[in-house]
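**Q** The structure under discussion is supplied below as structure tokens; questions concerning it will follow.
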Amino acid sequence: RKEVEQDPGPFNVPEGATVAFNCTYSNSASQSFFWYRQDCRKEPKLLMSVYSSGNEDGRFTAQLNRASQYISLLIRDSKLSDSATYLCVVQIFGNEKLTFGTGTRLTIIP
Amino acid sequence: GAVVSQHPSWVICKSGTSVKIECRSLDFQATTMFWYRQFPKQSLMLMATSNEGSKATYEQGVEKDKFLINHASLTLSTLTVTSAHPEDSSFYICSATTGTGFYEQYFGPGTRLTVT
């Protein structure tokens, strides 16, 4: 079983729609959680950290369920510029290493 | 701030030759640098963790004699792919962080290596 699993997609959604991605992680010692965004042939960029209480940044909302070892990302009012691959990333407490999921590819259709 | 550069951005080399990739933190001192590899449609896989002045820690399955990492200063780490083969063709990305525990990792733009 992979340490971090994501639905690879692709998700093709119309502009303005709401889309949600899910991610599960296998190591219960995971302590920090993040969503990164990666554009084609580019480096990943931090989109947002994920906190236990859930957090929101503009159109983006992240949720964490530690009991189910599950993380989600919700994008509202999607824009064409949201087209990218979204990477779920976890970090184990006391370890600098980041473990990346395989990513979910999103394409916003005009 | 927190800019990381990589050089070269892309390179094509012949099988059997060696290629060096540089990773620099431009506006901060990086206590730790990481090297990742990403094959098409796959995730980033950590190859090694590098701390300035000490030997790199390689992930399981990564050949340390093939992927030589040098972290000579707080702003520069290099990855040398020795005796490159076509299966080494990949996107190599470095990242740098300013501390231990969780500090945001700042990623370089990546180096696309093609071995012919």
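The values are calculated or read from the model by the stated rules, or taken from the named source; none is laboratory data. Everything numeric in this text was worked out from a predicted model, so none of it was measured. Reconstructed Cβ throughout: ideal geometry from the backbone, glycine too, with neighbour counts over all protein chains shown. Accessible surface areas use protein heavy atoms only, side chains included; no ligands, DNA or RNA. Shrake-Rupley method; radii C 1.70, N 1.55, O 1.52, S 1.80 Å.
**Q** Every residue in the stretch A:90-105 that is under 17 Å from A:P8 (Cα atoms) and within 9 Å of another protein chain (Cβ to nearest Cβ), please.
**A** A:T99, A:F100, A:G101, A:T102, A:G103, A:R105 - these are the residues of the stretch A:90-105 that are under 17 Å from A:P8 (Cα atoms) and within 9 Å of another protein chain (Cβ to nearest Cβ).
**Q** Among the numbered criteria (1) open to solvent by 70 Å² or more (accessible area, probe 1.4 Å); (2) of a type in the set (S, T, N, Q); (3) over 16 Å from the mean Cα position of the chain (by Cα); (4) closer than 27 Å to B:P109 by Cα, which one does A:N22 miss?
**A** A:N22 satisfies every listed condition except (3).
**Q** Quick one: is B:N70 open to solvent by 70 Å² or more (accessible area, probe 1.4 Å) and touching a strand residue (DSSP E or B) at 6+ places or on another chain (Cβ under 6 Å)?
**A** Answer is yes for this residue.
**Q** Within the stretch A:53-60, is even one residue out of contact with any His (no Cβ under 7 Å at 6 or more places or on another chain), small (G, A, S) and not in a loop (DSSP other than H, G, I, E, B)?
**A** No: the stretch A:53-60 contains no residue that is out of contact with any His (no Cβ under 7 Å at 6 or more places or on another chain), small (G, A, S) and not in a loop (DSSP other than H, G, I, E, B).
**Q** Name the one entry in A:A84, A:A17, A:A29 that is among the hydrophobic types (A, V, I, L, M, F, W, C) and under 24 Å from B:C94 (Cβ atoms).
**A** The match here is A:A84.
Residues are listed down the side, and each one gets a yes or a no for (1) without any contact (Cβ under 8 Å) to a residue 12 or more places away in the chain; (2) more than 13 Å from the chain's Cα centre (by Cα):
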| position | (1), (2) |
| --- | --- |
| A:S30 | no, yes |
| A:Y36 | no, no |
| A:D39 | no, yes |
| A:L47 | no, no |
| A:G58 | yes, yes |
| A:A67 | yes, yes |
| A:Y70 | no, no |
| A:L73 | no, no |
| A:R76 | no, yes |
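**Q** For the stretch A:67-96, which positions are over 15 Å from A:F21 (Cβ atoms) and surrounded by 14 or more Cβ atoms within 10 Å (Cβ to Cβ)?
**A** If the condition is that a residue be over 15 Å from A:F21 (Cβ atoms) and surrounded by 14 or more Cβ atoms within 10 Å (Cβ to Cβ), then A:Q69, A:Q91, A:I92, A:N95, A:E96 are the ones that fit.
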